[in-house]
1. Which net charge results for the neighbourhood of LYS38, defined as the other residues with beta-carbon distances under 13 angstrom from its beta-carbon, given Lys and Arg at +1 and Asp and Glu at -1?
2. Which one of PHE75, GLY60, LEU33 is farthest out on the positive end of the charge dipole of the chain, using unit charges on Cβ (Lys, Arg +1; Asp, Glu -1) and the Cα centre as origin?
3. Roughly what would the spin-label model give for LEU36 and ILE90, points 7 Å off Cα along C-beta, in nm?
4. Which of rounded, prolate, oblate describes segment 52-92, given a ≥ b ≥ c as roots of the alpha-carbon gyration tensor eigenvalues and a/c under 1.5 marking rounded, otherwise prolate only if a/b is larger than b/c?
5. Quick one, which of [x] 19.1; [y] 8.4; [z] 10.8 is the actual mean projected area of the Cα convex hull in nm² calculated for this model?
6. How high is the FRET efficiency between SER51 and ASP80 when r is their beta carbon distance and R₀ equals 35 Å, given to the nearest 0.05?
Amino acid sequence: MLGVQIPPGLPISPKAKLVPSQSTIQLDVARGLKKLYKVITEVKVEMQKVSWSTKDELIGSTTVVIVSTLLLAMFIGMVDIVLSRFIGLILK
């Protein structure tokens with residue numbers, strides 16, 4: 001096979017536990033819940049620091065985005081039509 005060699009697997013120690021004990025699982029779950037609680041409280045603190053837009057600012061920004069998108073779409077459509085006709089003339 002093109003000189004590719006597969007290395008042998010790692011040896012397994014007979015003392016190694018393949019299945020964690022119940023107490024280990026409980027400790028892992030407890031640690032995970034503590035971390036989750038910490039993350040949620042940090043997110044709550046950060047969300048209070050956020051400067052939220054007013055309704056008028058939100059409506060204005062949304063209008064700008066929609067109008068800009070429509071103008072860009074029309075421009076791309078016009079360029080596509082012009083280039084298609086130009087290429088069509090060249091290929092005739």
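Computed from the coordinates by the stated procedures, all read-outs in this text should not be read as laboratory data. In this text the structure is predicted, and so the values were computed from the model without any measurement. Note: ideal-geometry Cβ built from the backbone for every residue, glycine included; neighbour counts use all protein chains shown.
1. After counting each charged neighbour, the total is +2.
2. Going by the Cα projections, it comes out as LEU33.
3. Between LEU36 and ILE90, the simple spin-label model gives 6.0 nm.
4. It comes out prolate by the Cα gyration axes.
5. [x]
6. Result of the calculation: an efficiency of 0.30.
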